[in-house]
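S.K.: Quick one: this structure, given as structure tokens, is what I'll be asking you about.
The values are calculated or read from the model by the stated rules, or taken from the named source; none is laboratory data. These numbers come from a predicted model, not from an experiment. Quick reminder, even Gly has a Cβ in these numbers, built from the backbone with ideal geometry, and neighbours come from all protein chains shown. Ligands, DNA and RNA are excluded from the accessible area calculation, which covers all protein heavy atoms including side chains. Shrake-Rupley method; radii C 1.70, N 1.55, O 1.52, S 1.80 Å.
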Amino acid sequence: MTDVTGDAVTSSGSSAAPDVLHTLFHSDQGGHEQVVLCQDRASGLKAVIALHNTALGPALGGTRFYPYASEAEAVADALNLARGMSYKNAMAGLDHGGGKAVIIGDPDVVKSEQLLLAYGRFVASLGGRYVTACDVGTYVADMDVVARECRWTTGRSPENGGAGDSSVLTAYGVFQGMRASAQHLWGDPTLRGRRVGIAGVGKVGHHLVEHLLADGAEVVVTDVREESLRRVTDLHPEVRVVADTEALIRVEGLDIYAPCALGGALSDDTVPVLTAKVVCGAANNQLAHPGVEKDLADRGILYAPDYVVNAGGVIQVADELHGFDFDRCKAKASKIFDTTISIFARAKADGIPPAAAADRIAEQRMAEARPGH
């Protein structure tokens, strides 16, 4: 692997180095402060740690464990995710910049205690510039292991001084984003009588179902995992299940569509057939490519920017660094309502889509935090 730290570049002779460096220096997700490519031969660890912007404070973002097809693909994903965390943390009002780490490999095959400890040592070597947490392929138990080598680790279990599962507050924040969308569009911050479609009722989605039903909404769901659907319908037989996401986005009378699974849910294929008037969900990177936000606006569909409404989880893990207090976190996550309202107002005033308005606000906060500004 190649190691890239600030302006220093050294190579261990990997044949992949030219491709990786091209991704680093020619990516359209540029502007990153530091990227470290890590290798521990004894454990088999290959990882990428990307720090996008630390103007607001130490970079904070999860660790993704995924079987990337190439090192260059892993670097590109880390760059993109780290940049997204800068914007998410800025809009959440956190004193943290954006960072992300990815571990290359199938977690079901290569994840081990030795590998996670080695990864923790790499994070610790950054001296607090990066604070890590859970993401796709990593869990609370994994962070407990990483924390044995690195004190800059959040998302740990309560038994180990952490806050545990962050999906509860993630769902709560998305619900606040939906309430703000309803206020903006229909003049009332309630989902009572509204039909909401949720794609993905896993860790976050099933908590979102609870909030919506309690508020009087009608809920329609889909998920690729049968056990996730059963968990919801066993508790709430009134929830309607449809075959797949394609069927969900075409449901007649759908008021709100909530993508809560994989990214790229809003694309050239899905936007033209969406029946919902609002899109507000927990999934990251919902816009498949730049320009989709304008397509949504042109169709009169209100989009609540994903990195704004799904920030409840990062609010929780950030709070863990100061001694976790659930009520304090919930109060901060409640402010996602006000933040979302302010984004819609800025979008209207500037004549731009909400996603662009959110970016402008986040970029302004980061710029004002830079020394000498």
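S.K.: Specify which of the listed residues (137, 177, 120, 84) is farther than 20 Å from residue 57 by Cβ, in a helix (DSSP H, G or I) and touching a residue at least 60 places away in the same chain (Cβ under 8 Å).
M.R.: On inspection, the qualifying residue turns out to be 177.
S.K.: Among the residues of region 28-36, is there at least one that is at pLDDT below 95, among the small types (Gly, Ala, Ser) and surrounded by fewer than 18 Cβ atoms within 10 Å (Cβ to Cβ)?
M.R.: Checked region 28-36: at least one residue is at pLDDT below 95, among the small types (Gly, Ala, Ser) and surrounded by fewer than 18 Cβ atoms within 10 Å (Cβ to Cβ).
S.K.: For residues that are assigned to a loop (DSSP other than H, G, I, E, B) and closer than 18 Å to residue 156 by Cα, scanning just region 94-116, find the one that is least open to solvent (accessible area, probe 1.4 Å).
M.R.: 112
S.K.: A further question follows. State yes or no: is residue 40 among the acidic types (Asp, Glu) and either modelled with pLDDT of 95 or more or open to solvent by less than 30 Å² (accessible area, probe 1.4 Å) (or both)?
M.R.: yes
S.K.: Select, from 156, 148, the only residue that is surrounded by fewer than 17 Cβ atoms within 10 Å (Cβ to Cβ) and either touching a helix residue (DSSP H, G or I) at 6+ places or on another chain (Cβ under 8 Å) or of a type in the set (A, V, I, L, M) (or both).
M.R.: 148
S.K.: Something else now. I want to confirm something. Restricting to region 250-265 and keeping residues that are within 14 Å of residue 304 (Cα to Cα) and in a loop (DSSP other than H, G, I, E, B), which single residue is farthest from the chain's Cα centre (by Cα)?
M.R.: So, considering only residues that are within 14 Å of residue 304 (Cα to Cα) and in a loop (DSSP other than H, G, I, E, B), the one farthest from the chain's Cα centre (by Cα) is 255.
S.K.: Sticking with this structure for a sec: Quick one: which of 81, 60 is at pLDDT below 95 and either in contact with a Pro (Cβ under 9 Å, 6 or more places away or on another chain) or open to solvent by less than 20 Å² (accessible area, probe 1.4 Å) (or both)?
M.R.: 81
S.K.: Let me ask another. Looking only at region 197-215, which residues are in contact with a Ser or Thr (Cβ under 7 Å, 6 or more places away or on another chain) and outside any helix (DSSP H, G or I)?
M.R.: 199, 201, 202, 203, 204, 215, listed by residue number.
Conditions tested, residue by residue: (1) in contact with a strand residue (DSSP E or B) (Cβ under 9 Å, 6 or more places away or on another chain); (2) buried (at least 19 other Cβ atoms within 10 Å of the Cβ).
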residue	(1), (2)
185	yes, no
188	no, no
221	yes, yes
227	no, no
241	yes, no
247	yes, no
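S.K.: Now for a separate question. Just to check your reading of the model, which residue among 174, 146 is closer than 28 Å to residue 337 by Cα and touching a strand residue (DSSP E or B) at 6+ places or on another chain (Cβ under 9 Å)?
M.R.: That would be 174, the only listed residue that is closer than 28 Å to residue 337 by Cα and touching a strand residue (DSSP E or B) at 6+ places or on another chain (Cβ under 9 Å).
S.K.: Which of the numbered conditions does residue 86 fail, given that it passes all the others? Conditions: (1) of a type in the set (Gly, Ala, Ser); (2) more than 14 Å from the chain's Cα centre (by Cα); (3) crowded, with 21+ Cβ neighbours inside 10 Å; (4) modelled with pLDDT of 95 or more.
M.R.: The failed condition is (2).
S.K.: Regarding region 117-133, can at least one residue be identified that is open to solvent by 50 Å² or more (accessible area, probe 1.4 Å), closer than 19 Å to residue 41 by Cβ and not basic (Lys, Arg)?
M.R.: yes
S.K.: Is there any pair with a first residue in region 269-282 that is in contact (Cβ under 8 Å) with a residue 60 or more places away in the chain and a second that is aliphatic (A, V, I, L, M) and assigned to a loop (DSSP other than H, G, I, E, B) whose Cβ atoms are under 6 Å apart and which are 6 or more apart or on different chains, and what are they?
M.R.: Listed by first residue and then by second, the contacts come to 276/254; 280/304; 282/204.
S.K.: Only one of 217, 297 is of a type in the set (Gly, Ala, Ser), touching a strand residue (DSSP E or B) at 6+ places or on another chain (Cβ under 6 Å) and at pLDDT 95 or above; which?
M.R.: So the residue among 217, 297 that is of a type in the set (Gly, Ala, Ser), touching a strand residue (DSSP E or B) at 6+ places or on another chain (Cβ under 6 Å) and at pLDDT 95 or above is 217.
S.K.: If we keep just the residues of region 286-309 that are open to solvent by 10 Å² or more (accessible area, probe 1.4 Å) and under 30 Å from residue 158 (Cα atoms), which is nearest to the chain's Cα centre (by Cα)?
M.R.: 307
S.K.: Starting from region 185-207, take each residue that is in contact (Cβ under 8 Å) with a residue 24 or more places away in the chain and list its partners that are acidic (Asp, Glu) and buried (at least 23 other Cβ atoms within 10 Å of the Cβ), counting only C-beta distances under 8 angstrom and pairs at least six apart or across chains.
M.R.: 199/223; 200/223; 201/223; 202/223; 205/223
S.K.: Kindly state which helices (runs of 4 or more DSSP H) lie completely within region 288-339 and contain at least 1 residues that are of a type in the set (A, V, I, L, M) and over 30 Å from residue 274 (Cα atoms).
M.R.: Here the list reads 312-320, 326-334.
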